[in-house]
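What follows is a set of notes on a single structure, which appears directly below.
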């Protein structure tokens with residue numbers, strides 16, 4: 001590639017419309033548009049997002065809150081905080097409690113750039129409910145165009161108490177310019193050209209790519225896992241460390257290929273479809289329809305460019321984080337539970353999701369978070 005071509009690629013990634021790719025995020029860090037208390041870690045920049053790091057202190061608060069259009073988060077913390085917790089040596093965040101943690105990153109965006117945050121995959125698979133808050137925000141996980149100021153994480157562990165430290169990464173941030181959404185007609189054309197699914201012959205495209213739940217037990221393996229209650233603490237620094245049987249109950253499935261979701265229980269399930277995200281696109285998993293049942297699917301919804309794209313092109317299944325609400329609900333094999341909304345990138349990223357950059361779930365099936373050892377066979 002000539003110097004002129006390289007400059008054009010760099011400029012398109014910084015100034016084009018779409019989700020900003022990894023090289024553009026690095027440029028913004030170098031320019032001070034994204035700043036941090038500590039130097040950015042090499043693996044903090046993902047193909048189409050930036051991992052956000054917890055700061056040195058957490059505040060136990062009485063309740064979740066939004067600051068509203070005229071308030072800063074720090075002001076609301078002063079009103080709502082019950083006590084302050086030092087994270088520099090590590091601290092346990094307990095189930096049933098709500099915490100606010102100032103993040104190490106700050107933003108100084110120009111008016112053309114906005115942002116959206118989501119929990120990281122490992123965060124969602126532990127049923128740690130976390131959302132990002134910005135000053136004067138009227139909604140969670142949203143950064144308005146031109147925002148200048150600090151960022152905060154609201155953290156509410158729901159299944160397991162967790163041990164976190166300064167620098168722990170629970171959230172990730174995407175920055176976008178313009179409107180990068182891909183409408184259904186363009187998504188159908190993209191599927192015809194490159195294939196957005198693995199071995200599936202057809203794709204259901206209705207306000208995004210529809211995906212369904214896999215409850216077929218014919219493979220002889222669990223169809224899902226349900227979180228146990230009253231377990232030990234999970235240290236988020238420990239990878240492939242914990243015996244999953246101490247934290248999870250396997251769901252064997254049945255001949256009817258259905259699963260009754262118990263109220264307020266948390267399940268890990270998998271999609272029937274194997275998903276593929278082309279290099280010039282990113283995706284976000286969102287609920288299929290709020291009227292299809294009393295349950296929530298997927299806390300962590302970002303899918304990076306390259307997810308399921310390599311490894312022979314067969315795609316990678318999506319892991320579903322499912323929580324029922326007030327009443328028991330019967331979930332059936334093949335039931336539509338969510339949609340993948342695809343978005344264009346401003347330019348192809350200089351790195352793709354996968355083993356080459358240490359991605360944890362690049363070849364996953366029904367997979368628990370990276371903190372657990374593989375489920376024993378037999």
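Which is over 21 Å from residue 261 (Cβ atoms), buried (at least 23 other Cβ atoms within 10 Å of the Cβ) and touching a helix residue (DSSP H, G or I) at 6+ places or on another chain (Cβ under 7 Å), of 196, 151, 173? If you could, list the steps in order and put the result at the bottom.
Details: 151 fails: touching a helix residue (DSSP H, G or I) at 6+ places or on another chain (Cβ under 7 Å); 173 fails: touching a helix residue (DSSP H, G or I) at 6+ places or on another chain (Cβ under 7 Å).
Going through 196, 151, 173 in turn, the sole match is 196.
Residue under question is residue 238, and the condition is that it be within 30 Å of residue 91 (Cβ to Cβ) and either outside the structural domain of residue 322 (by TED's automatic domain parsing) or free of Cβ contacts under 8 Å to residues at least 40 places away in the same chain (or both); does it hold? Before you say what the answer is, go through the steps one by one.
Working: within 30 Å of residue 91 (Cβ to Cβ): yes; either outside the structural domain of residue 322 (by TED's automatic domain parsing) or free of Cβ contacts under 8 Å to residues at least 40 places away in the same chain (or both): no.
Considered against the rule, which asks whether it is within 30 Å of residue 91 (Cβ to Cβ) and either outside the structural domain of residue 322 (by TED's automatic domain parsing) or free of Cβ contacts under 8 Å to residues at least 40 places away in the same chain (or both), residue 238 comes out as no.
Could you check, for segment 302-309, whether at least one of its residues is modelled with pLDDT under 90 and more than 18 Å from the chain's Cα centre (by Cα)?
Scanning segment 302-309, I find at least one residue that is modelled with pLDDT under 90 and more than 18 Å from the chain's Cα centre (by Cα), so the answer is yes.
Go through segment 78-89 and report how many residues are surrounded by 15 or more Cβ atoms within 10 Å (Cβ to Cβ) and either in contact (Cβ under 8 Å) with a residue 60 or more places away in the chain or not assigned by TED's automatic domain parsing to the domain that holds residue 22 (or both).
Number of matching residues: 1.
Tell me yes or no: at least one residue of segment 148-165 is over 21 Å from residue 319 (Cα atoms), assigned to a loop (DSSP other than H, G, I, E, B) and either at pLDDT 95 or above or in the same structural domain as residue 50 (by TED's automatic domain parsing) (or both).
Yes, segment 148-165 contains at least one residue that is over 21 Å from residue 319 (Cα atoms), assigned to a loop (DSSP other than H, G, I, E, B) and either at pLDDT 95 or above or in the same structural domain as residue 50 (by TED's automatic domain parsing) (or both).
Against the conditions (1) touching a strand residue (DSSP E or B) at 6+ places or on another chain (Cβ under 8 Å); (2) surrounded by 14 or more Cβ atoms within 10 Å (Cβ to Cβ); (3) under 25 Å from residue 286 (Cβ atoms), where does residue 60 fall short? Just the number, please.
Checking residue 60 against (1) touching a strand residue (DSSP E or B) at 6+ places or on another chain (Cβ under 8 Å); (2) surrounded by 14 or more Cβ atoms within 10 Å (Cβ to Cβ); (3) under 25 Å from residue 286 (Cβ atoms), the one that fails is (3).
Could you list all residues from segment 103-116 that are exposed (fewer than 14 other Cβ atoms within 10 Å of the Cβ) and part of a strand (DSSP E or B)? So that I can check it myself, show each step before the final result.
If we filter segment 103-116 for residues that are exposed (fewer than 14 other Cβ atoms within 10 Å of the Cβ), which is where we start, we get 110-112.
Selection gives nothing.
Of the numbered conditions (1) over 22 Å from the mean Cα position of the chain (by Cα); (2) within 18 Å of residue 334 (Cβ to Cβ); (3) assigned to a strand (DSSP E or B), residue 249 satisfies every one except a single condition; which is it?
Of the numbered conditions (1) over 22 Å from the mean Cα position of the chain (by Cα); (2) within 18 Å of residue 334 (Cβ to Cβ); (3) assigned to a strand (DSSP E or B), the odd one out for residue 249 is (2).
Starting from residues that are surrounded by 15 or more Cβ atoms within 10 Å (Cβ to Cβ) and within 22 Å of residue 237 (Cα to Cα), keep the ones in segment 326-359 and report whichever is modelled with the highest pLDDT.
My answer is 353.
For residue 276, only one of the following conditions fails: (1) surrounded by fewer than 23 Cβ atoms within 10 Å (Cβ to Cβ); (2) under 30 Å from residue 352 (Cα atoms). What is its number?
Here residue 276 clears every test but (1).
With respect to residue 100, determine if the residue is in a strand (DSSP E or B), buried (at least 22 other Cβ atoms within 10 Å of the Cβ) and in contact with a helix residue (DSSP H, G or I) (Cβ under 8 Å, 6 or more places away or on another chain). Write out each step before concluding.
On the way: in a strand (DSSP E or B): yes; buried (at least 22 other Cβ atoms within 10 Å of the Cβ): yes; in contact with a helix residue (DSSP H, G or I) (Cβ under 8 Å, 6 or more places away or on another chain): yes.
So residue 100 fits the description; yes.
Looking at residue 48 and the list (1) buried (at least 17 other Cβ atoms within 10 Å of the Cβ); (2) within 20 Å of the chain's Cα centre (by Cα); (3) over 17 Å from residue 346 (Cβ atoms), which single condition is not satisfied?
(3)
Looking at the structure I just gave you, is residue 85 more than 26 Å from residue 180 (Cα to Cα) and in contact with a strand residue (DSSP E or B) (Cβ under 7 Å, 6 or more places away or on another chain)?
Details: more than 26 Å from residue 180 (Cα to Cα): yes; in contact with a strand residue (DSSP E or B) (Cβ under 7 Å, 6 or more places away or on another chain): yes.
Yes: the conditions hold for residue 85.
Across segment 207-245, what is the total count of residues that are farther than 18 Å from residue 303 by Cβ and part of a loop (DSSP other than H, G, I, E, B)? Talk me through it step by step, then tell me what you get.
Residues of segment 207-245 farther than 18 Å from residue 303 by Cβ: 215-245.
Okay, now just the ones that are also part of a loop (DSSP other than H, G, I, E, B), so 215-223, 228-233, 236-241, 243.
Residues meeting the conditions: 22.
State whether one or more residues within segment 64-73 are crowded, with 19+ Cβ neighbours inside 10 Å and either at positive phi or in a strand (DSSP E or B) (or both). Steps first, please.
Just the residues of segment 64-73 that are crowded, with 19+ Cβ neighbours inside 10 Å, to begin with: 67, 73.
Restricting the remaining residues to those that are either at positive phi or in a strand (DSSP E or B) (or both) gives none.
Scanning segment 64-73, I find no residue that is crowded, with 19+ Cβ neighbours inside 10 Å and either at positive phi or in a strand (DSSP E or B) (or both), so the answer is no.
The values are calculated or read from the model by the stated rules, or taken from the named source; none is laboratory data. Keep in mind that what you see is a predicted model, and the values were worked out from it rather than measured. Don't worry about glycine lacking a Cβ; one is built from the backbone with ideal geometry, like all the others, and counts go over all protein chains shown.
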